[in-house]
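Trainee: Sharing a structure, written as structure tokens. Questions coming.
Bear in mind these aren't lab numbers, they're just calculated from the coordinates by the rules spelled out. These numbers were taken from a predicted model, which means no experiment stands behind them. Cβ sites come from the backbone with ideal geometry, for glycine too, and all protein chains shown count toward neighbours.
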Amino acid sequence: MEGHSHISPDVLARYAADAATEVNGVHTKQKRVAKVTGSTVEVHIVVDFGANIPSVAADVQQHVSDYLSRMADARPSAVNVVVDDVQR
């Protein structure tokens, strides 16, 4: 059987949000945490107070990229991480 499947950007965004929250020191505040446009992913996170933000953001980028590759065979060209807040 030949063919292909298409995974909606909304589903990929949910995957990206789930993956981001698996990284230590990351939380989310709002429901719409991630957005997928083309092959670019944007993830909004809240970081624990005292965490090394550049390190946490790099971990989120890597984890989201790996997760999407594994779960949906999608390889984002970029994973942009937006730190919306720091939580005490």
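Trainee: Scan the stretch 29-44 for residues that are surrounded by 18 or more Cβ atoms within 10 Å (Cβ to Cβ) and in a loop (DSSP other than H, G, I, E, B) and jot them down.
Mentor: Val33
Trainee: Examine the stretch 51-67 for a residue that is outside any helix (DSSP H, G or I) and in contact (Cβ under 8 Å) with a residue 12 or more places away in the chain, and state whether such a residue exists.
Mentor: yes
Trainee: Can you tell me which residues in the stretch 8-22 are β-branched (Val, Ile, Thr) and under 15 Å from Asp66 (Cβ atoms)?
Mentor: Result: Thr21, single match.
Trainee: Same structure, new question: So which residues in the stretch 45-61 are exposed (fewer than 13 other Cβ atoms within 10 Å of the Cβ) and not small (Gly, Ala, Ser), if there are any at all?
Mentor: Selection gives Phe49, Asn52, Pro54.
Trainee: Across the stretch 2-28, which residue is farthest from Ala72 (Cα to Cα) among those that are in a helix (DSSP H, G or I) and not aliphatic (A, V, I, L, M)?
Mentor: Thr21
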